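The values are calculated or read from the model by the stated rules, or taken from the named source; none is laboratory data. In this text, all values refer to a predicted model and were calculated from it rather than measured experimentally. Cβ: placed from backbone, ideal geometry, glycine included. Neighbour counts: every protein chain shown. Heavy atoms of the whole protein, side chains included, go into the accessibility calculation; ligands, DNA and RNA do not. Shrake-Rupley method; radii C 1.70, N 1.55, O 1.52, S 1.80 Å.
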Amino acid sequence: MLHYIETGTGPAVVLLHAFPVDSALWASQRRPLGTAGFRVITPDLPGFGGSPLSPLAPSLDVMADEVVATMDGLGVERAIVGGLSMGGYVVMAMLRRHPDRMAGIVLADTKGGLDPAPAIANRLAMADAVQAAGRAQVIADAMIPNLLGTTTRAERGEVETAVRRWIGAQRAGAIAWAQRAMAVRPDSLPDIAAFGGPVLVLYGDEDVLSPASEAALMAEAARSGGSPTQVVEIPRSGHLTAVENPDAVVHALSSWLPGAVGHSGLA
Ligand code: MLT
């Protein structure tokens, strides 16, 4: 079972964090969504935060199975499952492996298609470099300009400080393992198309890693399979929308969740 933080009671909403941070990413969403009548569960994915690294070969499937084992441990049969970036890749792996556990999905700042070959090579190089250095902080400088939007970097230095601290607190082994897992992920647009349940797609208007075009591809896949699908642009935000414009993300989730719960019959 993964380490997690839980807030509130009601229909279960599981929120999965991005790479290379932990469930602190969702700290600003937990309480408002809990107060709005949801049981919000934010696990640390394997190796990150308080969760142990998996002994298995790197794969998003392993992360997906661990999230479902955590749902089992908490007595959660079905949930709305949302993920930001890497968390979104885990949601897509859950769609492949555990579709009956998914009442609705949130795909935030993520993408459904394959990485181009140079991106895969970069992932493997970063995995090797972090493992050799033995510390996560070495990747923070290179990653921050891609993770945070220009507005956040210009106006909200405290967010950059927090993200830098979160990255530095992660284990080098977890970062290497997760990069190798993301490098071998399959094309997931067909899995989004096969889902059929309610889908919310979020993206930051300043995101350079998962821009509007990626959100459009995921929404198109979802609609092609008959999913009621909503797309929300989060203003003044780069890749880490949940911390860059937390109130807009709370608003998007709390506006969409009641309809998704009703549609899926989630108690
Ligand atoms: C993330 O934020 O989780 C990462 O940018 C995902 C990725 O490297 O594709």
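See the values below:
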{"item": "Selected from Val14, Val106, Val231 as most flexible by GNM, with the chain as the system and alpha-carbon contacts under 10 Å", "result": "Val231"}
{"item": "Accessible-area order (highest first, 1.4 angstrom probe) of the listed residues Val250, Val199", "result": "Val250, Val199"}
{"item": "Residues of the stretch 245-261 with amide N under 14 Å of a point placed 7 Å along Cα→Cβ from Ala27", "result": "246"}
{"item": "Average accessible surface area per residue within the stretch 28-88, 1.4 Å rolling probe, Å²", "result": "32 Å²"}
{"item": "Computed lengthening from Asp115 to Ser254, 0.36 nm per intervening residue step minus Cα-Cα distance", "result": "46.9 nm"}
{"item": "Accessible area (Å², 1.4 Å probe, nearest 10) - His3", "result": "80 Å²"}
{"item": "The stretch 1-35 residues near the modelled Ala142 label - backbone nitrogen below 17 Å, point 7 Å along Cα→Cβ", "result": "19-21"}
{"item": "Rounded D (µm²/s) - the stretch 176-236, Kirkwood Rh over Cα pairs, Stokes-Einstein at 20 °C, 1.002 mPa s", "result": "170 µm²/s"}
{"item": "Rh (Kirkwood; distinct C-alpha pairs) - the stretch 4-101, Å", "result": "13.2 Å"}
{"item": "Solvent-free Debye scattering, log10 I(q)/I(0), computed from the Cα coordinates of the chain at q = 0.10, 0.13, 0.16, 0.17 Å⁻¹", "result": "-0.43, -0.76, -1.23, -1.42"}
{"item": "Spin-label pair Thr9/Ala125, simplified geometry with 7 Å Cα→Cβ offset, distance in nm", "result": "5.3 nm"}
{"item": "Tensor-based shape of the stretch 127-227 (alpha-carbon gyration tensor, a/c under 1.5 rounded, otherwise prolate or oblate)", "result": "oblate"}
{"item": "Rounded D (µm²/s) - the stretch 49-205, Kirkwood Rh over Cα pairs, Stokes-Einstein at 4 °C, 1.567 mPa s", "result": "77 µm²/s"}
{"item": "C-alpha center-to-center spacing [the stretch 48-101, the stretch 147-187] in angstrom", "result": "19 Å"}
